[in-house]
Every structure is written in structure tokens, then in C-alpha cells.
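J.: Have a look at the structure that comes next, please.
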Amino acid sequence: MSREIVEALRVMEQEKGISFKVLLAALEDALLSAYKKTPGAVQHAKVEIDPDDGEIRIYQLILPERPAAVAEAEQAGEESAEAEEPAEEEEFDLSLYDESEIEKVLIETPEDFGRIAAQTAKQVIFQRIREAERDMMYDEYAGRVGEIVTGIVQQSDQRYTLVDLGKVEALLPESEQVEHERYDHGSRIKAVIVDVREHTKGPQVIVSRRSEELIRKLFELEVPEVADGLVVIRNVAREPGYRSKIAVESKEEGIDPVGACVGPRGSRVRMVVSELRGEKIDIIPYNDEPARFVAKSLSPAMVREVLVDDEEKSATVVVPDDQLSLAIGKEGQNARLANKLTGWRIDIKSESQMAEEEAAMVFSDEEAEELAGRCCALTKGGKRCPNAALAGSRYCGIPAHQKLVETEAGGEAETDAEAVAAEGAAEEIETEEVQAGDAESGAAAGEEAGESQAAKSGS
């Protein structure tokens, strides 16, 4: 019978993947417990099973002198009036003794102990199999946190939903469910594993339909470029059941990250939207420049201008008047998602609001001095350009603003020409006046000369 027990342990090792030594040690502990219940059992004993032939041996342990702490505990127990029975073996910690000092004496195995061993072995094997399967299942799913799984809904109510994953039933709690989604019995759903907990009946797997990781995994399934790492999803912002924004970046030249995620005629993103049951998804190209990234994150709204504050990590976005409501979104949804996606605090203003605020602004001497080094060009919204002016110029390096230099230069040249022309006209007027004066003087002198000659003739 003992050899059959050993062979059964070997079979379990191969079929269930449970270590033979673990099963053997568990069986030895179980047989020791069974031996202690037999009449005439010694106080300190140990059961060993030969791993080759399965022979069971029982040894009596002869312990050396007790350590001081153990001796004091025994003495206190003896003096206690309540100590009517001798101390059990569990009260002695064998780890306090050196193994080399413990003497083992082989004793006779009780009669009918083979039958007891067989029954005990059966119970131990079944128990260890259940424990090992639970441990293996826990280890398997504990390493899969963050992965997407597909399951079939088994039961659903207001508190939680049970999803059959094949080997284990996963729990979809109410906190991880999407509002307005229905999980009908027998329907197939995808979810992401967010937690794995140990439980007496096996591992408890917690899945989620609200996690932002679900968006990433769905795109990995539908977009080969994302699965291969050619396109990377840098960030995800999501309001489950309503709208999501993802920032994508290409790691290879020639690959359009947005086009890859959208797919031919929108087929790829349409599959993701279908799995999310109609949730809208905006795909945004990632940009290292904060101003451009913030402007793109407010899609589908058009942006005129973005003013960033790197220290405060905030951005003021100027949009056309007719795009203000679109940029903010329903109940501020578009602005919130853009904020989460970029990590910047975004303040959205229309062009007319910005122009009114700037018209009412009063600058201090320090602010005026600071503005003195900035470009003098005005944006379409009437706001002064935030860029620094080039050396020796009143404008920055933007081509449109540099054209203003030529315009001003042309204006100054015209002004100089007009001044020269005016000065020349004035000189001509003065010359004409002088000539007219000389003519009048000559005429007067001629008249005087004529009168004088007439007087002489009369005399």
C-alpha cells in the first residue's frame, strides 16, 4: 500500500504540476497527526516516508535539556492551578533546538496504521491538489493584471456581474461598470484585469470596463502598428461611456500614427467604438511642443492662438467666437479631457473676450519694461505677439511679422519723400514771391523815372 501511495504522488506531480517533495511532506505531517491520536503514542514523534519504496517509519524524538525560556514556561505551567493536563507538543517549538542534538529512535508502527495511512493519504492528496490549483490559478492571473480578457456574462445585478473566463469566474463590480451599459446573461464582453485577490475558494479576479487601460488594449488588438510598437499611445483620457481622447506618436518615419489608428475608411477605430458600445474617440497626434499639443487636444475645435506658462504649466487658448462652445464641449467635457490628456491647465477664451481683456489691461512699469523686448505685431485677436523681438528689430522672426518691417520701412520712405516734396514746394513759393516782389519794385522804379522825365520836359 505504501508503494502505491508513492506512485500516486508521482502521478500527481506529473498531471497537476505539484512538487513531489511538497506532497510527501504534507503526507508526513498528516500521518503524524493521525499517529498522535492512536493509543500509546509518544509525546514527541516524527513520521518519515521513504521516497523510493514508500516505507513508513515513526521515530521518537529525544530532546536535549530545554532552553531557559522553555523551562521557565514549563515550570510556570506546572505551578498553575489550572494546569490539569500536561502540555501538548504544539506548545514546544522544535526550532529552538539544534537538529544535530535531537536524537531519533525508531519505534514500532501501530497495528492497522497502513489503513490509516491510506485514508490519510487520500485526504491529503485531494486537499493539496485543491490548494495547489488555487495557488497556480492565483499566480497565473496575478501576473496578468492589465491584460484584456474575454468572458461570458453569467449573472448580473445592481451590485456586481459575474463573468466566466473559462478557468475562473471574474467579478465586475458596480464601481468598474460603465453607466448605461447592460450586461445580459450569455453576452460576450471584453474587460481588463485590474486586481487579483486570494480567496479560500480560489483567486478572485476583478475586471473593469471603466479603466483607461481598456482603450490601450483594444487598440493593440485592432491596430498591428500599436501591437508591434511602431505606434505608441502616449496618454489616454476617458469619460467612460461618453468620450475618450488618445495621444499617439509614431516611432518610425513614414507612418502616420493617426491614420494607422483610424484604419482604412475608419474600420479600426470603428471596431473599438463598437466594443465600447458607441463611446466616441478622438485620436490626437502627440507633440513635444506644449502649445501645439494643447491646440490639437481641443479637437475638433479650431484654435487661433495658445499662450503657455511653463512655470505654472498652464495654457491660455484663444479660439474663434463661433468655436468657443465646441472647444469647451458639453458641460465642459472637451476641455476636461484635453486637460487630462496633456496634463496642462487649460483656460479657453474667445477672440472677442481676449481683445476686451487686453484693452482693459493696465501694465505696471515692470510689465511695460518686459513687453518692451517683445514683438510689436498684433495677432488676429488683437493680442500682442508673445515672441521676443529680434536684435535690432521691433518684430520676431515670423515671416509675416518680418514683412511689417518692410511695410514700415516703405512708410517711412514715403514720409521722407513727402517732406522733401513739401520743402521743395515751399522753396518754389518763396522764389515766386521774391520774383514777384522784384517785378513790382521794377515797375515802381519805371513809373518814378517816367514822372521825372516828364517834369524835365515841361520845364
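J.: With a 10 Å Cβ neighbour count serving as the proxy for reagent exposure, in which order, fewest first, do 113, 20 appear?
T.: Working: 113 18, 20 15.
Lowest count first: 20, 113.
J.: Relative to a virtual label point 7 Å from the Cα of residue 227 in the Cα→beta-carbon direction, which members of the range 148-168 show backbone nitrogen distances below 19 Å?
T.: Output list for this probe position: 148-151.
J.: Turning to a different aspect of this structure: Provide the percentage of antiparallel DSSP beta bridges, counting only those with both residues in the range 160-304; round to the nearest 5.
T.: Values: 18 of 26 bridges.
Around 70 percent antiparallel, to the nearest 5.
J.: How far is it, in nm, from the label point at residue 50 to the one at residue 356 when both lie 7 Å from their Cα along the line to the Cβ?
T.: The two pseudo-label positions are separated by 9.9 nm.
J.: Continuing with the same structure: Treating the beta-carbon of each Lys and Arg as +1 and of each Asp and Glu as -1, no other charges, what is the dipole magnitude of the range 143-208 about its Cα centre, to the nearest 20 debye? Let's see the in-between values first.
T.: Details: 8 positive and 11 negative charges, 49 e Å.
Roughly 240 debye for the range 143-208.
J.: If you don't mind, another one. Under the definition of Cα pairs under 8 Å and six or more residues apart, what whole-number percent is the relative contact order of the range 214-286? Mind dumping the intermediate values first?
T.: Numbers: 114 pairs, mean separation 24.7, N = 73.
Relative CO of the range 214-286 lands at 34 percent.
J.: Along the charge dipole of the range 143-208, Cβ charges K/R +1 and D/E -1, which of 155, 192, 168 sits furthest on the positive end?
T.: 168
J.: To the nearest µm²/s, what D does Stokes-Einstein give for the range 143-208 at 25 °C and 0.890 mPa s, using the Kirkwood radius over alpha carbon pairs as Rh? If you can, show how the numbers build up before the last one.
T.: Details: Rh = 11.8 Å.
D = 207 µm²/s.
J.: To continue, here is another question. Between residue 147 and residue 16, what's the calculated FRET efficiency when r is the beta-carbon distance and R0 is 30 Å? Round to 0.05.
T.: Values: r = 24 Å, r/R0 = 0.81.
FRET efficiency, residue 147 to residue 16: 0.75.
J.: Can you give the relative contact order of the range 149-304 as a percent, counting alpha carbon pairs under 8 Å and 6+ residues apart? Provide the component values of the computation, followed by the final result.
T.: Details: 267 pairs, mean separation 24.3, N = 156.
Relative contact order, the range 149-304: 16 percent.
J.: List the lysines whose alpha-carbon lies under 29 Å from that of residue 349, not counting same-chain residues fewer than 8 positions away?
T.: 245, 280, 296, 313, 330, 340, 380, 383, 403
J.: Same structure again: Among residues other than residue 214 whose Cβ falls under 11 Å from its Cβ, what is the net charge (Lys/Arg +1, Asp/Glu -1)? Kindly include the intermediate steps, with their values, before the conclusion.
T.: Numbers: positive: 190, 209, 210, 216, 217, 238; negative: 147, 176, 212, 213, 220, 275, 279.
That works out to -1.
J.: Right, here's the next one. Given an 8 Å cut-off on Cα distances and at least 6 residues of separation, report the relative contact order of the range 143-208 as a percent. Kindly include the intermediate steps, with their values, before the conclusion.
T.: Values: 130 pairs, mean separation 24.3, N = 66.
It rounds to 37 percent for the range 143-208.
J.: What do you get for GluC sites (Glu not before Pro) in the range 279-315 restricted to DSSP loop and a cutoff of at most 13 other Cβ within 10 Å of the site's Cβ?
T.: Values: sites: 279, 305, 311, 312; in loops: 279, 311, 312.
Sites meeting the loop and neighbour criteria: 311, 312.
J.: Step through the table entries 16/37; 217/251; 36/122, compare each Cα-Cα distance with 25 Å, and write down the pairs that go over it. It would help to have the intermediate numbers written out before the result.
T.: On the way: 16/37 31 Å; 217/251 18 Å; 36/122 19 Å.
Over 25 Å Cα-Cα: 16/37.
Each reported figure results from applying straightforward, stated rules to the coordinates on display, with no laboratory input. Since the structure is predicted, the reported quantities are computational estimates derived from the model, not experimental observations. All Cβ positions, even for glycine, are placed from backbone atoms using ideal geometry, and neighbour counts span all protein chains on display.
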